[in-house]
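**Student:** Please see the structure below; I have some questions.
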Amino acid sequence: MLHYIYLMAITAEAMTGALSAGRRGMDWFGVILVACVTALGGGSVRDIVLGHYPLTWVKHPEYLILTSIAALFTVMIAPLMRHLRSLFLVLDAIGLIAFTLIGCQTALDMGYGLLIASLSGVVTGVFGGVLRDIFCNDIPLVFRRELYAGVAFVASWFYFACDYLGLSHNQAILLTFLGGFAFRLLAIRFHWEMPKFQYSDEG
Amino acid sequence: MLHYIYLMAITAEAMTGALSAGRRGMDWFGVILVACVTALGGGSVRDIVLGHYPLTWVKHPEYLILTSIAALFTVMIAPLMRHLRSLFLVLDAIGLIAFTLIGCQTALDMGYGLLIASLSGVVTGVFGGVLRDIFCNDIPLVFRRELYAGVAFVASWFYFACDYLGLSHNQAILLTFLGGFAFRLLAIRFHWEMPKFQYSDEG
Amino acid sequence: MLHYIYLMAITAEAMTGALSAGRRGMDWFGVILVACVTALGGGSVRDIVLGHYPLTWVKHPEYLILTSIAALFTVMIAPLMRHLRSLFLVLDAIGLIAFTLIGCQTALDMGYGLLIASLSGVVTGVFGGVLRDIFCNDIPLVFRRELYAGVAFVASWFYFACDYLGLSHNQAILLTFLGGFAFRLLAIRFHWEMPKFQYSDEG
């Protein structure tokens, strides 16, 4: 089931990436590239950092076709997208937890400890958006809005705790999903934010 | 022969990278770095993504010396460069096809299928310029001007088709070169562009 | 001893990274990320480019904890930081040479020649700051201020020369440290800069 959620998640992330490229007036190739980077970039950074080859989309190029089609589809239905913001916030929340769980699992399967596994989850969940913003020449949004990386971080440790408490693999995934998803939606609803650090060189 | 064209191409790309750094007023070290990244960054991203070690310039550090010299040479003859724009568009077109062919071949030699080989070609051809623009804090140009990534994409499939039709390796390379080069020059001459995607959050 | 200097250096670099994130008003997660990237990004780029796995901080996640604590500590004492600029210039100079030496040594241990070892040193010393500026959406500073990459470059060849002249490993490291450190401080004091390259498309 995590697999189908993953496919749904990369599709949704690709569509948000395509919108970012559209805000910058990129051409269709740029739209496709930013969409693919947003959807698959987090996992790619994780795999490159951990030396986990081949990368997911190199092994499964059909994911690239899926995200590319999602990008072009977004171009077609762009006027509609303005009315779907709530839907995409929900899909993005689902994707965040799915990416995080997959990232944790990848590192655990490679034999790493919990701290690296947690970071692997956060990187997988968050870095697609960071790369999207770097490609579109923005300051990464994920560090300026409602809890996002924080949700991934908490979800990863919640997942490890479920495992530690003796729950089955599937139970742990399901519980983390429900908990992380609720946490993210609550963060959006009530504008929970990490404290910001404002620094200027003048006193 | 592809080898000599490659050397010519990284030299030309290094020179365009040096000009970009100069537009931002970087010092000579920055000029050299941006030049090397522009010339060798596409192949480096490809190698890192595919896990193809050692990277080209790590194996052949003499390429770095070549691109560094080209960067400093550009600084010397900068006032002249304004009159050489057409020449550099031509050299860049040659380089784009050379990089694309080398990128395709690298992936095919590693046993990947045509889709990944095509993407490997596009990344090798295009990502040097993308990284140059990220280092210089610009929105990547290649997605906002005349067909560029599109030329690399078409050239890669043209190359596979030549191979499929039974042409010899050298014939396939030569034909792709002529076709891709003509395609790129026509795109510049007649301002062929990919459709752009303009999106704004307001209606 | 180089090990303790390294720990001091990543702490200091993390703190400068945290300040950069604060200038952009990022939240605490962003501050921690930029701090870790600044402190450990140079070595990570080096390891990824050379295919040197596992990365330092993947093998020693305790370094991440150290840099994260340093980042949060910086948030606490931010008003104080304005008065510590000279101290941080000194710590940064020490870190630059330490990173450079470690980068050189890593490449030499992998069997690479002097040119790649030198570049490995420069990348380790300089790229943390380059990535920090890309994440914070700035034009990389290291190529626009007093000699920085240049100091790393000269220090690496000075180190090789010490080795060539028959000095012991420890003597070579100590001498490079003193020489590189003095060179960097003199560069700051007397505003030694690389010549800049100013280019504009109009004549």
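**Student:** Tell me, how many Å apart are the Cα centres for the range A:1-77 and for the range B:8-87?
**Tutor:** That distance is 29 Å.
**Student:** While we're on this one: Regarding the range B:1-49, what is the average projected area of its C-alpha convex hull, in nm²?
**Tutor:** Here the figure is 3.6 nm², rounded to one decimal.
**Student:** Then there's this: Given R₀ = 35 Å, FRET efficiency for A:Arg82-A:Leu174 by Cβ-Cβ distance, to 0.05?
**Tutor:** Details: r = 33 Å, r/R0 = 0.95.
Once the sixth-power term is evaluated, E becomes 0.55.
**Student:** Hey, for B:Asp109 with labels 7 Å out along Cα-Cβ, what do the inter-copy distances come to in nm, ordered shortest first?
**Tutor:** When each copy's label point is compared with this one, the spacings are 3.0, 3.0 nm.
**Student:** Over all residues in C:20-26, what is the mean tally of Cβ atoms on other chains that come within 10 Å of each residue's Cβ? Before the final figure, lay out each step's value.
**Tutor:** Details: counts 1, 5, 5, 5, 8, 8, 10.
Going residue by residue through C:20-26 and averaging, the value is 6.
**Student:** Top to bottom by accessible area (1.4 Å), largest first, where do C:Arg132, C:Arg23 land?
**Tutor:** On the way: C:Arg132 35, C:Arg23 110 Å².
Reading off the accessible areas and sorting them downward yields C:Arg23, C:Arg132.
**Student:** Another question, then. For the protein assembly as shown, just list the percent of Cα-Cα distances falling in each 20 Å bin from zero outward, please.
**Tutor:** 19, 54, 26, 1
**Student:** Going 7 Å from Cα along the Cα-Cβ axis for the label, what nanometre distances separate C:Met8 from the same residue across the other copies?
**Tutor:** 5.5, 5.5
**Student:** While we're on this one: Using a probe radius of 1.4 Å on protein heavy atoms only, what is the accessible area buried between chains B and C, both sides summed, to the nearest 100 Å²?
**Tutor:** On the way: alone 11350 and 11350 Å², together 19800 Å².
Rounded to the nearest hundred, the buried surface is 2900 Å².
**Student:** Heads up, I need the accessible area for A:Leu167: 1.4 angstrom probe, whole protein in place, Å², nearest 10.
**Tutor:** Here the accessible area works out near 50 Å².
**Student:** Let me ask you something else. Using a 1.4 Å probe on the protein heavy atoms, what percent of the accessible area of the range C:83-203 belongs to carbon and sulfur?
**Tutor:** Numbers: 3590 of 5530 Å².
Here it works out to 65 percent.
**Student:** Roughly how many whole Å is it from the C-alpha centroid of the range B:99-140 to that of the range C:171-193?
**Tutor:** Here the two parts' Cα centres lie 40 Å apart.
**Student:** Right, something else. Give the accessible surface of the protein assembly as shown per residue, rounded to a whole number of Å², with probe radius 1.4 Å and ligands, DNA and RNA excluded. Please list the in-between numbers first.
**Tutor:** Working: 25450 Å² over 609 residues.
Using a 1.4 Å probe on heavy atoms only, each residue of the protein assembly as shown averages 42 Å².
**Student:** Pairs of Cα atoms under 8 Å, at least six residues apart: use those to get the relative contact order of chain B, whole percent.
**Tutor:** On the way: 279 pairs, mean separation 44.2, N = 203.
It rounds to 22 percent for chain B.
**Student:** Still on this structure: What is the P(r) of chain A, as percent of Cα-Cα pairs per 10 Å bin from 0?
**Tutor:** Over chain A, the share of Cα pairs per 10 Å bin runs 9, 35, 36, 16, 3, 0 percent.
**Student:** Another one. Find the all-direction average of the projected area of the Cα convex hull for the range A:30-134, expressing the result in square nanometres with one decimal place. Spell out each step's value before the answer.
**Tutor:** Numbers: hull surface 27.3 nm².
For the range A:30-134, averaging the hull's shadow over all directions gives 6.8 nm².
**Student:** Once you average over the residues of C:55-62, how many Cβ atoms of partner chains fall within 10 Å of each Cβ?
**Tutor:** The shielding value for this peptide is 3.
**Student:** In nm, one decimal, shortest first: how far is the label point of B:Ser200 (7 Å from Cα along Cα to beta carbon) from the matching points in the other copies?
**Tutor:** Sorted ascending, the copy-to-copy spacings read 3.0, 3.0 nm.
**Student:** Could I ask something else about it? If each residue of separation counts as 0.36 nm, what is the full-extension length gain between C:Ile65 and C:Arg23 once their alpha-carbon separation is subtracted? Intermediate values should be presented prior to the final figure.
**Tutor:** Details: separation 42, 0.36 × 42 = 15.12 nm, distance 2.27 nm.
Once the chain is fully extended between C:Ile65 and C:Arg23, it gains 12.9 nm.
**Student:** Under 28 Å from the Cα of C:Lys59, which lysines turn up, not counting those fewer than eight places away in the same chain?
**Tutor:** A:Lys59, B:Lys59
The values are calculated or read from the model by the stated rules, or taken from the named source; none is laboratory data. None of the values given here were measured: they were computed from a predicted structure. For neighbour counting, all protein chains shown are included, and Cβ atoms are generated from backbone atoms with ideal geometry for every residue, glycine included. Remember, those area values only see protein heavy atoms, side chains included, never the ligands or the DNA or RNA. Shrake-Rupley method; radii C 1.70, N 1.55, O 1.52, S 1.80 Å.
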